[in-house]
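The values are calculated or read from the model by the stated rules, or taken from the named source; none is laboratory data. What you see is a predicted model; the values in this text were computed from it and never measured. All Cβ positions, glycine included, derive from the backbone under ideal geometry; neighbour counts span all protein chains shown.
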Amino acid sequence: MDFKRVGLNVAKRRKQQGLLQRELSEATGITQQKISLLEVGENLNPGLNTLQRIAAALNCDIVDLILENESGSDLLNL
């Protein structure tokens, strides 16, 4: 799994929804620092529970965070 890509996808979806890292932190119970590290690719093993909580807060499937490519299309739809 490409955790740097996951972090980019989290940041993109968070920004698309107009959320600050602080707001995502409050919605997930995950520290803002941990979200920040994930988004910049420094948290290279966030754990399934963490990704599930983030996906739920961003109203998407965990698969969307893991498999979405840079162009914004889901790799499952190729």
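Annotations for the structure displayed:
- Checking each residue in the range 9-37 for being of a type in the set (A, V, I, L, M) and closer than 15 Å to residue 68 by Cβ picks out 10, 11.
- In summary, helices (runs of 4 or more DSSP H) completely within the chain and bearing 2 or more residues that are at pLDDT 95 or above and of a type outside the set (A, V, I, L, M) occur at 3-16, 21-28, 32-39, 48-57.
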